[in-house]
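The values are calculated or read from the model by the stated rules, or taken from the named source; none is laboratory data. Predicted, not measured: the structure shown is a model, and the values here were computed from it. When we count neighbours, we look across all protein chains shown, and the Cβ atoms used for this are built from the backbone with ideal geometry, even at glycine.
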């Protein structure tokens, strides 16, 4: 028993849609839409293979051009954090232990609240000493600004 042409196109579209979940970039799903367009043509004209191929290409390209920008915005969200947002989880004045030597204006990894964070300092901080969090970097909201803890009480 031979499988219907429209069913082959339809199943190929589903396979490509599933492959999109594995491959990053949000591109190949539009080829799945092209397969479904070709499946519609194959259901109406099962022997018109050249029209099916042209429909596959046309629907893929048109959907890619027309929908990709909208779909990326819809599914990936915004990558920037507005000023003042996200700082609530950072508590300036918190004292942390620095495990590696911090050199001025060079990023290092520090532990804060059980996870690793990028950190910057304007002055050198020796490994194994304490530092105080003064805020977050304006350009990279996930980078802590730190300074060494002075001999006296820590100031914010």
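Cβ-Cβ contacts under 9 Å between residues 6 or more apart (or on different chains), taken from a first residue in the stretch 22-51 that is not assigned by TED's automatic domain parsing to the domain that holds residue 67 to a second residue that is surrounded by 14 or more Cβ atoms within 10 Å (Cβ to Cβ) and assigned to a helix (DSSP H, G or I), are absent. A single entry from 16, 51 fulfils the requirement of being over 30 Å from residue 110 (Cβ atoms) and modelled with pLDDT of 95 or more: 51.
Out of 125, 90, one residue alone is crowded, with 16+ Cβ neighbours inside 10 Å and at pLDDT below 90. It is 90. Scan the stretch 61-78 and give yes if some residue there is out of contact with any strand residue (DSSP E or B) (no Cβ under 8 Å at 6 or more places or on another chain), modelled with pLDDT under 85, surrounded by fewer than 13 Cβ atoms within 10 Å (Cβ to Cβ) and not in a helix (DSSP H, G or I), otherwise no. Yes, the stretch 61-78 contains at least one residue that is out of contact with any strand residue (DSSP E or B) (no Cβ under 8 Å at 6 or more places or on another chain), modelled with pLDDT under 85, surrounded by fewer than 13 Cβ atoms within 10 Å (Cβ to Cβ) and not in a helix (DSSP H, G or I). Considered as a group, the residues in the stretch 1-44 that are more than 21 Å from residue 67 (Cβ to Cβ) and exposed (fewer than 14 other Cβ atoms within 10 Å of the Cβ) include one that is nearest to the chain's Cα centre (by Cα), and that residue is 11.
Being modelled with pLDDT under 90 and not assigned by TED's automatic domain parsing to the domain that holds residue 26 is a description that applies to residue 115.
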